[in-house]
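See below for the structure under consideration.
The values are calculated or read from the model by the stated rules, or taken from the named source; none is laboratory data. For clarity, every value in this text was computed on a predicted model and none was experimentally measured. In this analysis, Cβ positions are derived from the backbone assuming ideal geometry, glycine residues included, and neighbour counts consider all displayed protein chains. These area figures cover heavy atoms from the full protein model, side chains too; ligands, DNA and RNA do not enter into them. Shrake-Rupley method; radii C 1.70, N 1.55, O 1.52, S 1.80 Å.
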Amino acid sequence: MTGMAGDERSPWRRDFWIAAVAVAVFAGVLMVLPVPEPADPPGGPLPETNFAVVDVTVFDGEEFRPHRDVRVEDGRIRAVGQRLRLPDDLPRVDGRGHTLLPGLIDAHTHTYGMVLNDSLRFGVTTVFDQFTQPSLAAMKRPARESLARTDEADLFSAGNLATAPGGHGTQFGVPVETLTGPGEAPAFVAARKEEGADWIKIVWEDGGTFGADIPTLDRETIAAVIEAAHAEGMLAVIHISTLEHGLAALEMGIDGLVHVWGDEVISEEDAARFAEAGVFVIPTLSVRVAAAGESMGPELLEATEPQHVSPMQRQTLTGTFPRPVGTSEAAVESVRRLHASGVRILAGTDAPNPGTGFGISMHGELRLLERAGLSPAEALAAATAHPPDAFGIEDRGRLARGRIADLLLVAGDLENDLSRSTAIAGVWKDGFPVEAAWVASYPKAPDLYLISDFTDGVEASFGLDWQETADSLRGGSSHATLSARDGALHVEGALVPGFVFLWAGAIWSPGEERLQPVDFTGRQVVRFRVRGDGGDYAVQLFGAAPQSTAPGSVPFTAPPEWTEVEIPLERFETANPGIIAGLSFVATGDPREFAFELDDVEIR
């Protein structure tokens with residue numbers, strides 16, 4: 001009786017034994033939890049296909065989660081969690097002090113050449129292309145359905161864009177099917193869908209923000225294209241340069257803007273209207289600040305190992321716009337207000353415009369989004385989870401079970417220092433590691449100095465024959481004609497008003513295709529003989545990114561008597577004058593008629 005009474009008066013004794021049992025059970029659980037096996041630190045060869053990154057801070061597409069393990073199996077993410085039970089023989093990467101995130105997605109690019117390789121080396125595993133040749137998009141499409149080893153980012157694309165005859169997008173020498181009125185919209189959209197376009201891209205650009213007068217679609221046609229896209233079950237996005245056009249596109253039912261404007265700051269009330277309509281915005285601040293004369297290029301090159309940057313990336317990063325356009329402050333503040341209102345922001349660079357580079361500029365875009373008020377997590381979401389969510393793509397953008405193993409491992413804490421994103425410790429595409437260093441892939445020039453002496457017409461000793469070139473290729477009205485006479489190339493024509501920068505003359509491409517870059521490393525000078533009307537001309541050297549940056553240009557005079565001219569390659573403002581995609585001799589400047597002759601053109 002006494003003992004029973006004592007137990008009733010001392011319930012702590014029962015609690016003690018309960019607690020003791022609980023501690024024993026907890027200790028037993030700890031004994032059977034997996035203990036991390038030795039892991040290889042980043043820096044050596046990275047494992048592939050089946051492996052784990054252990055004890056790493058994960059950014060899963062929405063938020064940072066410390067001390068996580070990520071298991072990859074057969075090119076997909078099998079599990080993400082703390083202290084995962086892993087097979088003893090599974091290769092491991094020690095993630096301590098690192099951040100692991102989904103491969104970045106650049107939501108605004110223009111694809112050509114080797115740019116998908118450049119993108120991938122910098123952790124951009126997918127690009128959303130906003131205008132390229134449909135044939136190129138079709139060629140790249142199968143890779144995104146495969147988990148095979150690749151050295152390129154996956155490509156999704158609008159393909160051909162909707163623009164007016166002579167409008168923005170027609171100036172790049174790529175065939176473009178244009179529209180002249182709203183009645184053509186249904187057939188236009190149906191044709192894009194048949195080509196395999198992933199969405200419809202519309203251009204509303206009159207050139208006013210940079211002092212030009214460019215034909216553009218009218219409002220009725222734009223509205224008709226949007227309606228036709230929705231009828232086909234496709235998204236419609238639009239290129240605009242002004243707030244006025246952005247607000248008008250909102251009223252037309254657009255799904256997304258692929259630029260933010262730079263002319264004025266949006267009001268908080270109008271920003272809320274975009275949010276209420278569910279319109280997403282790809283600000284492309286990288287190109288906006290570059291257009292305003294504040295390129296991120298120098299900062300990014302300083303933060304990056306030189307061997308990781310290709311000549312093409314360096315060329316476009318160091319390129320500049322002819323004159324400042326808009327202000328970076330207006331663009332950045334508009335993004336701040338859009339984001340604060342709840343508008344979904346997608347990271348995109350508009351590479352390869354001047355001041356941008358494929359892959360590398362996404363790291364600048366992250367910094368600019370942070371400058372516009374996004375937290376590190378929000379900026380990274382704009383570059384990972386938000387683009388596939390906005391465009392309806394479900395297999396990438398997040399670190400989650402079943403997603404493609406497109407991974408970016410960064411040395412450092414991105415939650416507290418987003419600029420660490422350039423400290424890349426590893427990239428995996430479809431579970432395969434990606435080589436970090438750029439590997440030269442340009443064909444070598446033949447061991448010939450003489451390009452042409454014109455004894456056999458306009459033929460060249462290698463590369464393509466000489467061809468006319470003029471601003472008419474980009475919507476201007478200047479023109480030139482070529483003919484071989486008495487062992488020399490005769491060039492005559494006229495510079496005609498109608499384009500921002502007038503040019504006309506002759507061009508030679510050293511590769512098998514027009515403006516294909518060729519490696520002339522070791523050559524020192526361009527040498528030629530010239531005579532003509534006494535006027536001023538220019539030699540233009542097209543470098544590693546010939547389609548996207550202005551060529552390096554050096555002036556010369558064509559006197560009445562034959563004169564030899566020698567120009568050191570280093571005088572041409574290109575990132576690498578040894579990489580040459582084209583050489584042109586042109587009249588430039590004010591409107592005029594011109595005539596000159598060339599002979600004995602060499603690169604030696």
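Per-structure values
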read-out	value
Selection within segment 428-459 - assigned to a strand (DSSP E or B) and either of a type in the set (A, V, I, L, M) or modelled with pLDDT of 95 or more (or both)	428, 429, 432, 433, 450, 451, 452
Any hit, segment 368-381, residues being open to solvent by 10 Å² or more (accessible area, probe 1.4 Å), touching a Leu at 6+ places or on another chain (Cβ under 6 Å) and part of a helix (DSSP H, G or I)	yes
Any hit, segment 442-455, residues being among the aliphatic types (A, V, I, L, M), open to solvent by less than 10 Å² (accessible area, probe 1.4 Å) and within 26 Å of the chain's Cα centre (by Cα)	no
Tally, over segment 581-600, of residues that are more than 22 Å from residue 495 (Cβ to Cβ) and modelled with pLDDT of 95 or more	2
Residues within segment 277-287 that are of a type outside the set (Gly, Ala, Ser) and in a helix (DSSP H, G or I), tallied	2
Every residue from segment 177-208 that is under 21 Å from the mean Cα position of the chain (by Cα) and either among the hydroxyl-bearing types (Ser, Thr, Tyr) or over 27 Å from residue 389 (Cβ atoms) (or both)	205
Any chance residue 177 is assigned to a loop (DSSP other than H, G, I, E, B), without any contact (Cβ under 8 Å) to a residue 24 or more places away in the chain and either surrounded by fewer than 18 Cβ atoms within 10 Å (Cβ to Cβ) or among the acidic types (Asp, Glu) (or both)	yes
Scope segment 110-143; condition part of a helix (DSSP H, G or I), farther than 20 Å from residue 435 by Cβ and open to solvent by less than 40 Å² (accessible area, probe 1.4 Å); matching residues	134, 136, 137
Residues of segment 474-487 satisfying the condition of being of a type in the set (A, V, I, L, M, F, W, C) and surrounded by fewer than 15 Cβ atoms within 10 Å (Cβ to Cβ)	none
Condition met for residue 187 (assigned to a helix (DSSP H, G or I) and aliphatic (A, V, I, L, M))	yes
Subset tally (residues that are outside any loop (DSSP other than H, G, I, E, B), closer than 22 Å to residue 358 by Cα and among the charged types (D, E, K, R)) for segment 288-343	4
Residue list for segment 242-274, restricted to those being open to solvent by less than 30 Å² (accessible area, probe 1.4 Å), under 19 Å from residue 327 (Cβ atoms) and part of a helix (DSSP H, G or I)	243, 245, 246, 271
Subset of segment 382-394 (residues that are modelled with pLDDT of 95 or more, open to solvent by 10 Å² or more (accessible area, probe 1.4 Å) and either within 18 Å of residue 409 (Cβ to Cβ) or not in a helix (DSSP H, G or I) (or both))	392, 393
Test: residue in segment 488-496 that is in a loop (DSSP other than H, G, I, E, B) and either more than 27 Å from residue 207 (Cβ to Cβ) or open to solvent by 50 Å² or more (accessible area, probe 1.4 Å) (or both)	no
Any hit, segment 544-558, residues being open to solvent by 60 Å² or more (accessible area, probe 1.4 Å) and more than 34 Å from the chain's Cα centre (by Cα)	yes
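Per-residue answers, yes or no, for (1) of a type in the set (A, V, I, L, M, F, W, C); (2) in contact with an Asp or Glu (Cβ under 7 Å, 6 or more places away or on another chain); (3) in contact (Cβ under 8 Å) with a residue 40 or more places away in the chain:
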site	(1), (2), (3)
385	yes, yes, yes
389	no, no, yes
404	yes, yes, yes
429	no, yes, yes
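Residues are listed down the side, and each one gets a yes or a no for (1) under 23 Å from residue 337 (Cβ atoms); (2) open to solvent by 10 Å² or more (accessible area, probe 1.4 Å):
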position: 201; (1), (2): no, no
position: 215; (1), (2): no, yes
position: 223; (1), (2): no, yes
position: 235; (1), (2): no, yes
position: 240; (1), (2): yes, no
